[in-house]
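The values are calculated or read from the model by the stated rules, or taken from the named source; none is laboratory data. Bear in mind the structure is a predicted one, so any value in this text is a computation, not a measurement. Positions of Cβ are generated from backbone atoms using ideal geometry, with glycine treated the same way; all protein chains shown enter the neighbour counts.
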Amino acid sequence: MLHGILVATALSGRSADPTRTDTLDHLQAAPGWSGLVVQGWHAPSWLGRLRNAWSFGAIARRTSEPVLVLRNRAPRPYARVLVAVDFSDAALETVRAAARCAPGARFTLLHPLDTGMEGYMRRAAVASRFIKRHRRRLQAEARAAFRRFVYQLRLPDVQFALRMTPHPERVALRVHAARENPDLVVVRKPQDGLLGRWLGISAAREALAATRCDLLLVTAGRGLFRPRSNAA
């Protein structure tokens, strides 16, 4: 049992390199495959960290299944999870996948506000009271979207909190991960398009570099892996 996940298959050594395409294909075709790839990330040297980063990129490029990167040595259940969300259907799947990996955890949903209009308003010499009113409207809309989002999740046993940020998602994850001190950071990778997948993997690498917590990378549209009694 690892962080509340029952592990059925483990790989170690060069003969079972999980970054090889045939190894991943073999795992995903195996009976009882649950759709979750777990990578260890324990390396004291810079060379080991570099190899970990390369392995993560190779795995993330070659599979559309969720990838869980483990860096915490203590196999305790996750208590605090940080997820950046835009309140879309893909974000719903991402949070549900994370909830399966972190049963009982408290989720902080990080929502980047679209504050681009404020810059135009300042350059146009709009009075500050109107800018503040615009910001309050954005915040009210985000809170309403958050309530609808939590209702659609249908996870009554999970506690959710909303954090609004003026930063773009990639920057917000780094900034708020340092403030919130989560056990797990969740990053979403777009399923379609080479650029989208590259941006998702790149954002995950940045989060790994900026934090010491575990990370879950979820491919949009493939977030709901099936729990099995005999699989991870």
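State whether the residues of the stretch 140-148 include one that is within 18 Å of Leu173 (Cα to Cα) and not aromatic (Phe, Trp, Tyr). Yes, some residue in the stretch 140-148 is within 18 Å of Leu173 (Cα to Cα) and not aromatic (Phe, Trp, Tyr). Arg106 satisfies every condition listed in (1) out of contact with any helix residue (DSSP H, G or I) (no Cβ under 8 Å at 6 or more places or on another chain); (2) more than 30 Å from Asp183 (Cα to Cα) except (2).
Scanning the stretch 123-149 for residues that are touching a residue at least 12 places away in the same chain (Cβ under 8 Å) and not polar (S, T, N, Q) turns up Ile131, His134, Arg135, Leu138, Ala142, Arg143, Ala145, Phe146, Arg148, Phe149.
When only residues in the stretch 102-129 that are among the polar types (S, T, N, Q) and modelled with pLDDT of 80 or more count, which is surrounded by the fewest Cβ atoms within 10 Å (Cβ to Cβ)? Filtering first and then ranking leaves Ser128. Exactly one residue out of Ala177, Ala203, Ala140 is modelled with pLDDT of 85 or more and either within 16 Å of the chain's Cα centre (by Cα) or not β-branched (Val, Ile, Thr) (or both), and it is Ala140.
Restricting the stretch 90-114 to residues that are among the hydrophobic types (A, V, I, L, M, F, W, C), part of a loop (DSSP other than H, G, I, E, B) and touching a Phe, Trp or Tyr at 6+ places or on another chain (Cβ under 9 Å), the residue that is nearest to Gln139 (Cα to Cα) is Ala105.
Give me a count of the residues in the stretch 206-222 that are modelled with pLDDT of 70 or more and outside any helix (DSSP H, G or I). Residues that pass the stated criteria total 9. Of the residues Arg163, Arg154, the single one that is basic (Lys, Arg) and within 17 Å of the chain's Cα centre (by Cα) is Arg163.
Here is a yes/no grid of residues against (1) in a helix (DSSP H, G or I); (2) of a type in the set (A, V, I, L, M, F, W, C):
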{"residue": "Lys132", "(1), (2)": "yes, no"}
{"residue": "Arg137", "(1), (2)": "yes, no"}
{"residue": "Ala144", "(1), (2)": "yes, yes"}
{"residue": "Arg147", "(1), (2)": "yes, no"}
{"residue": "Tyr151", "(1), (2)": "yes, no"}
{"residue": "Asp157", "(1), (2)": "no, no"}
{"residue": "Leu162", "(1), (2)": "no, yes"}
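Scanning the stretch 77-89 turns up one or more residues that are part of a helix (DSSP H, G or I) and modelled with pLDDT of 90 or more. Looking for something over 17 Å from Leu208 (Cα atoms), assigned to a loop (DSSP other than H, G, I, E, B) and either among the charged types (D, E, K, R) or at pLDDT below 65 (or both) - is there at least one such residue anywhere in the stretch 55-69? Checking the stretch 55-69: at least one residue is over 17 Å from Leu208 (Cα atoms), assigned to a loop (DSSP other than H, G, I, E, B) and either among the charged types (D, E, K, R) or at pLDDT below 65 (or both). Among residues of the stretch 162-183 that are under 21 Å from Arg148 (Cα atoms), those with a Cβ under 8 angstrom from a residue that is assigned to a helix (DSSP H, G or I) and of a type in the set (D, E, K, R), sequence gap 6+ or separate chain, pair up as Leu162/Arg143; Arg163/Glu180.
Only residues that are under 19 Å from Glu169 (Cα atoms) and either of a type in the set (Phe, Trp, Tyr) or crowded, with 21+ Cβ neighbours inside 10 Å (or both): list them for the stretch 67-91, please. Correct list: Val81, Leu82, Val83, Ala84, Val85, Phe87, Ala91.
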